[in-house]
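Structure first, commentary second.
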Amino acid sequence: MTTLSPVEGATAGNIARVLAYRRSRRSHHKLFGRARLFGHAWSVFTWLIAIVLFFPVFWMVLTAFKPEVSAYTVPPQIIFHPTLSEFAQVLSGGILKPFEHSAFVTAVSTAAVLVISFPAAYALSVRPVKRWRDTMFFFLTLKMLPPVAGIIPIYIVARNLHLLDNDWLLVILYVPMNLPIAVWMLRSFLLEVPREVLDAARVDGANVVTELTRVILPIVRPGIVATALICVIFSWNEFFFAVNLTATQAGTMPVFLVGFLTTEGLYWAKLCAASTLCCLPVILAGWIAQKHLVRGLALGAIK
Amino acid sequence: MGDTVTAPSRSTVERIRHVLDRRREGDSGGAGRRRWVRRLPLLPAFVYVIVVTQVPFIATIWYSFRSWNLLIPGSNHFTGLRSYQEVFADPTFLIAVINTVELTASAVIIAMLVGIGLAMLLNREFFGRGVVRTLLITPFLVMPVASALLWKTTMYDPLYGLLDFVLSPFGIHHVAWLSTFPMPAIVTILAWEWAPFMMLIVLAGLQSESLEVLEAAKVDGASTVQTFTRLTFPHIRPYVQLGVLLGSVYIIQAFGEIFMDTAGGPGTATTNLPYYLYEQVFNAYNVGVGAAAGVIVLIGTEIVAIFALRLVSSLIAGTAMIG
């Protein structure tokens, strides 16, 4: 069998062509060819788009450092005498209590979501139950139910249980808000654990606990980080439940921001300082963990 | 020949797995018990979501048959279907339905188109790619209430807003964007917030595309447009569908932006269903009508959701279980 079959011959031909093409591309790269100029143009364009889309956020932070009079000018000022007085006013205006409430509600609800959703995702991937697909859709359908439709009984029950304006009420409500997407995300990461590795562990007599802590957890750790980040973003930023069910006792950051607007008035520099402080934790967390997000949000769409 | 060789060996692997699984679960309780052991990890999630999400919905149905003004003690009594009649007779309700569809569809479509464009721009090597990605995901991380405030003041303000400043060379002066073009203004904010989310999902799709296939296409002389329409788009299609689905789920519930920037107005121009329900309950204290509207919204959403899920069903239909 020395002659190549037609299929193999075609493949060999393709490989040769690909290699030739790669060689030509590499030499192109050294030249100041049209393609290279074109590439530069795209890079500049990408940078421009990124700056335009980021600009509102940049402007918010910039305005926060302005004295109030510099916030209202035509044309808008980029060069001004920066001040920290707006931040100081916001910090003395009672932002610490809502910060604590937001941090508590976000941390506890995110931890609860992970604890509840991880076993569920495990049962839908590593050792799947029979009707795993229906179960996944059940969770996704729940996410589609508008929370507004349930706000009336939630409000009345919370009122009767004296849970209105209480951190725990928000914790209880944020868990199901994030649970469906957490199950989906964790499942997609668990699917990436090679079956061979699990089999090997089992042949070696690993029990469920060893399998989880020694084999699965190290592999899916980035996935857990990505899932936690998504839960943190949505809990920290949640507004509808927070504004309707909390007030002075357990108000979170978004509620504080609205209250700040009504008590302090529409002063841009001060509002921007308050907004910047409200957004900062989540923006920093998102920046740090952004790489995981790219993989995590695909939810194992195609496997 | 090949088939007869591989088939038994594959089933042998299956058998070994089966034996291992049985050994794992003690093999004493039989098939029924094993199935329950497998289901057990799902139980906490099931119980929790059913108690916290399904019970309120059942309660909503009950309240929808009653008339109850929260401010009037003793006003709680059975009225049958009268609340439903009131909702359907309320012209604002129909407007809210139309507004919700318009708002969600336009914001999701614009965010997705921008997201696809950004993802394609990011999916190549260039100077400062990491920084650009960092800049681009930021709008998604900003608290919606804060971005609503930011756009309302520093962007849309008719006197000192940046939009006015940028457009002034084109002869556009002192436009009160939020009252003149309320819907496009809100859609812009939502699309700005969600385009990064779409970008991240599409980027994951683009990065999983095989470079060999793309190079082969180039070798065979395919144009950029051909490569996109014949190869790249079919490949990222499931990711686009997923993004549209998830984006819709969140944007249909948009509340903060409307609450902060337009309060549903001017008039009812930007009143979507969440804001309509909010007004019924927390401004009019009308539990019966609010609950009836909630039930109608729920049934409507479920109908849309079933169609949407059928779409996604094809996405994970190809999802092979491990092994």
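Got a sec? Which of A:Thr141, A:Thr135 is in a helix (DSSP H, G or I), touching an Asp or Glu at 6+ places or on another chain (Cβ under 9 Å), at the interface with another protein chain (Cβ under 7 Å from one of its Cβ atoms) and of a type in the set (Val, Ile, Thr)? Before you say what the answer is, go through the steps one by one.
Working: A:Thr135 fails: touching an Asp or Glu at 6+ places or on another chain (Cβ under 9 Å).
Checking each option against the conditions leaves just A:Thr141.
Name the single residue, out of those in the stretch A:289-298 being within 7 Å of another protein chain (Cβ to nearest Cβ) and part of a helix (DSSP H, G or I), that is farthest from B:Gln207 (Cα to Cα).
Among those residues, the one meeting the criterion is A:Gln290.
Kindly check whether there is at least one residue in the stretch A:216-237 that is part of a helix (DSSP H, G or I), surrounded by 17 or more Cβ atoms within 10 Å (Cβ to Cβ), touching a Ser or Thr at 6+ places or on another chain (Cβ under 8 Å) and within 9 Å of another protein chain (Cβ to nearest Cβ).
Within the stretch A:216-237, one or more residues are part of a helix (DSSP H, G or I), surrounded by 17 or more Cβ atoms within 10 Å (Cβ to Cβ), touching a Ser or Thr at 6+ places or on another chain (Cβ under 8 Å) and within 9 Å of another protein chain (Cβ to nearest Cβ).
Applying the selection to the stretch A:262-288, what residues are over 23 Å from the mean Cα position of the chain (by Cα), at the interface with another protein chain (Cβ under 8 Å from one of its Cβ atoms) and surrounded by fewer than 20 Cβ atoms within 10 Å (Cβ to Cβ)?
A:Leu266
Please enumerate the residues belonging to the stretch B:123-140 that are within 7 Å of chain A (Cβ to nearest Cβ) and within 23 Å of the chain's Cα centre (by Cα).
Hits for the stretch B:123-140 are B:Arg133, B:Thr134, B:Leu135, B:Leu136, B:Ile137, B:Thr138, B:Pro139.
Could you tell me how many of the residues in the stretch B:258-291 are small (Gly, Ala, Ser), in contact with a helix residue (DSSP H, G or I) (Cβ under 6 Å, 6 or more places away or on another chain) and assigned to a loop (DSSP other than H, G, I, E, B)? Step through it out loud before you land on a result.
Looking only at the stretch B:258-291, we keep the residues that are small (Gly, Ala, Ser), and these are B:263-265, B:267, B:269, B:284, B:288, B:290-291.
Now restrict to residues that are in contact with a helix residue (DSSP H, G or I) (Cβ under 6 Å, 6 or more places away or on another chain): B:264, B:269, B:288, B:290-291.
Then keep just the ones that are assigned to a loop (DSSP other than H, G, I, E, B); that gives B:264, B:269.
Summing the residues that are small (Gly, Ala, Ser), in contact with a helix residue (DSSP H, G or I) (Cβ under 6 Å, 6 or more places away or on another chain) and assigned to a loop (DSSP other than H, G, I, E, B) in the stretch B:258-291 gives 2.
Of the residues that sit in the stretch A:238-251 and are part of a loop (DSSP other than H, G, I, E, B) and within 10 Å of chain B (Cβ to nearest Cβ), which one is farthest from the chain's Cα centre (by Cα)?
A:Phe239
Determine which member of the set B:Leu203, B:Leu190, B:Leu242, B:Leu246 is facing chain A (nearest Cβ under 10 Å) and within 16 Å of B:Ser106 (Cα to Cα).
After ruling out the rest, the residue left standing is B:Leu246.
Look through A:Ser102, A:Ser70, A:Ser92, A:Ser85 and report the one residue that is in contact with a helix residue (DSSP H, G or I) (Cβ under 8 Å, 6 or more places away or on another chain) and within 22 Å of A:Gly265 (Cβ to Cβ).
Among A:Ser102, A:Ser70, A:Ser92, A:Ser85, only A:Ser70 is in contact with a helix residue (DSSP H, G or I) (Cβ under 8 Å, 6 or more places away or on another chain) and within 22 Å of A:Gly265 (Cβ to Cβ).
Being over 17 Å from B:Ala308 (Cβ atoms) and crowded, with 20+ Cβ neighbours inside 10 Å is the filter; apply it to the stretch B:223-239 and report the residue that is farthest from the other protein chains (Cβ to nearest Cβ). Don't jump to the end; show me each part of the working.
Start the filter on the stretch B:223-239 by keeping residues that are over 17 Å from B:Ala308 (Cβ atoms), which leaves B:223-236.
Restricting the remaining residues to those that are crowded, with 20+ Cβ neighbours inside 10 Å gives B:232, B:236.
Values: B:Thr232: 14, B:Ile236: 10 Å.
Filtering the stretch B:223-239 for residues that are over 17 Å from B:Ala308 (Cβ atoms) and crowded, with 20+ Cβ neighbours inside 10 Å, the one farthest from the other protein chains (Cβ to nearest Cβ) comes out as B:Thr232.
Scan the helices (runs of 4 or more DSSP H) fully inside the stretch B:152-220 and keep the ones with 2 or more residues being touching a residue at least 40 places away in the same chain (Cβ under 8 Å) and in the same structural domain as B:Val142 (by TED's automatic domain parsing).
B:177-180, B:182-207
Which numbered condition in (1) part of a helix (DSSP H, G or I); (2) more than 21 Å from A:Leu124 (Cβ to Cβ); (3) modelled with pLDDT under 90 is the only one that A:Gly205 fails?
For A:Gly205, the failing item is (1).
Output yes when any residue across the stretch A:65-88 is under 23 Å from B:Gly161 (Cα atoms), small (Gly, Ala, Ser), surrounded by fewer than 22 Cβ atoms within 10 Å (Cβ to Cβ) and within 14 Å of chain B (Cβ to nearest Cβ), and no when none is.
yes
The values are calculated or read from the model by the stated rules, or taken from the named source; none is laboratory data. Keep in mind it's a predicted model, so treat the numbers as computed, not measured. Glycine gets a Cβ as well: all are built from the backbone with ideal geometry, and neighbour counts include every protein chain shown.
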